[in-house]
1. Can you tell me which residue in the stretch 148-176 is farthest from residue 65 (Cα to Cα), limited to those that are open to solvent by 40 Å² or more (accessible area, probe 1.4 Å) and part of a loop (DSSP other than H, G, I, E, B)?
2. If you go through the stretch 123-150, how many residues are touching a residue at least 40 places away in the same chain (Cβ under 8 Å) and in contact with a helix residue (DSSP H, G or I) (Cβ under 9 Å, 6 or more places away or on another chain)?
3. Tally up the residues in the stretch 111-126 that are assigned to a helix (DSSP H, G or I), under 15 Å from residue 29 (Cβ atoms) and in contact with a strand residue (DSSP E or B) (Cβ under 9 Å, 6 or more places away or on another chain), please.
4. Being in contact with a Pro (Cβ under 8 Å, 6 or more places away or on another chain) and either loosely packed, with under 14 Cβ neighbours inside 10 Å or small (Gly, Ala, Ser) (or both) is the filter here; which residues of the stretch 95-110 pass it?
5. Looking at the stretch 66-85, which of its residues are in a helix (DSSP H, G or I) and touching a Phe, Trp or Tyr at 6+ places or on another chain (Cβ under 8 Å)?
6. Residue 63 passes all but one of (1) under 20 Å from residue 149 (Cβ atoms); (2) among the small types (Gly, Ala, Ser); (3) in a loop (DSSP other than H, G, I, E, B); (4) open to solvent by 20 Å² or more (accessible area, probe 1.4 Å); which number fails?
7. Of all the residues that make up the stretch 1-41, how many are open to solvent by 40 Å² or more (accessible area, probe 1.4 Å), at pLDDT below 85 and in contact with a Phe, Trp or Tyr (Cβ under 8 Å, 6 or more places away or on another chain)?
8. Give the residues of the stretch 181-220 that are in contact with a Lys or Arg (Cβ under 9 Å, 6 or more places away or on another chain) and in a helix (DSSP H, G or I), sorted by residue number.
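The values are calculated or read from the model by the stated rules, or taken from the named source; none is laboratory data. Just so we're clear, the structure is a prediction, and the values are computed from it rather than from any experiment. As a convention, Cβ positions derive from the backbone with ideal geometry for all residues, glycine included, and neighbour counts pool all protein chains shown. We work out accessible area using only protein heavy atoms, side chains counted, and drop any ligands, DNA or RNA first. Shrake-Rupley method; radii C 1.70, N 1.55, O 1.52, S 1.80 Å.
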Amino acid sequence: RTRTRTRTSKRAEATFHVGGGDGMDITVMAITDEDPGSVQSGQYVWPAAPVLADYAWGQLQQGKLPTAGVCVELGAGCGLCGISVACCPASGFEEVIFTDHDPGTLHQVTENAEAQGDKRRIATRAEPLEWGEAATALPKASLVLGSDVIYDTSVVAPLFKTVDALLDGDGVFAMCQSFPYTPEIEAEMERCVAKLRLARAVEWDRLGEDGGTKLQLFRRQ
């Protein structure tokens, strides 16, 4: 996700279908350039986001993910995953909280959530968050979502420190990626998972396929 150049990028409406035949279309404002630029990359819909949004909807409908308490999306970007949860008929969450470190991204995700109108069943809000912080200003979460959130070894420990601070006792962190991690990133993830005593389960690994993703779930042991 790191880019070496910055420029003004174009924004436009982008529509994604979640939930299969019984689902719905979700439209968000997003950067539509192939290379969104480093400053504005948080407002780009990264490839793992539509996959995680669709997965969350389906799992909530089947009762396979927590449906009550609080849902937090990390590195929310355009907020597609959190919006999917907020619009899902099976959602019983008190609220969905979008988090990011960039004020412009938080403004955009707030507008995207409000634009869903009556489709949004759950209250939503956006909050600034730097990974590695204790996240004490946020409530404990039963469901934490992250799509294409790991892009360098240096972000792994801060990310999982934040996840550990957020997850309640039975909480689930669902993370989807659209590109393979380096051996260094994988090793750092293993170290963090062991240190924080998290159980790690791979739902699928299709990274070798065209447009493939890998989705993992993390829970407390």
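1. 152
2. As a first pass, look at the stretch 123-150 and keep what is touching a residue at least 40 places away in the same chain (Cβ under 8 Å): 124, 126, 129, 131, 138-149.
Those left that are additionally in contact with a helix residue (DSSP H, G or I) (Cβ under 9 Å, 6 or more places away or on another chain): 124, 126, 129, 131, 138-141, 143-149.
Summing the residues that are touching a residue at least 40 places away in the same chain (Cβ under 8 Å) and in contact with a helix residue (DSSP H, G or I) (Cβ under 9 Å, 6 or more places away or on another chain) in the stretch 123-150 gives 15.
3. Filtering the stretch 111-126 for residues assigned to a helix (DSSP H, G or I) gives 111-114, 117-119.
After this cut, where a residue has to be under 15 Å from residue 29 (Cβ atoms) as well, the list is 111-114, 117.
Right, trim to in contact with a strand residue (DSSP E or B) (Cβ under 9 Å, 6 or more places away or on another chain) and you get 111-114.
Summing the residues that are assigned to a helix (DSSP H, G or I), under 15 Å from residue 29 (Cβ atoms) and in contact with a strand residue (DSSP E or B) (Cβ under 9 Å, 6 or more places away or on another chain) in the stretch 111-126 gives 4.
4. Correct list: 101, 103.
5. The initial filter retains those residues of the stretch 66-85 that are in a helix (DSSP H, G or I), namely 80-85.
Selection gives 80, 82, 84, 85.
6. (1)
7. Of the residues in the stretch 1-41, 2 are open to solvent by 40 Å² or more (accessible area, probe 1.4 Å), at pLDDT below 85 and in contact with a Phe, Trp or Tyr (Cβ under 8 Å, 6 or more places away or on another chain).
8. 189, 190, 192, 193
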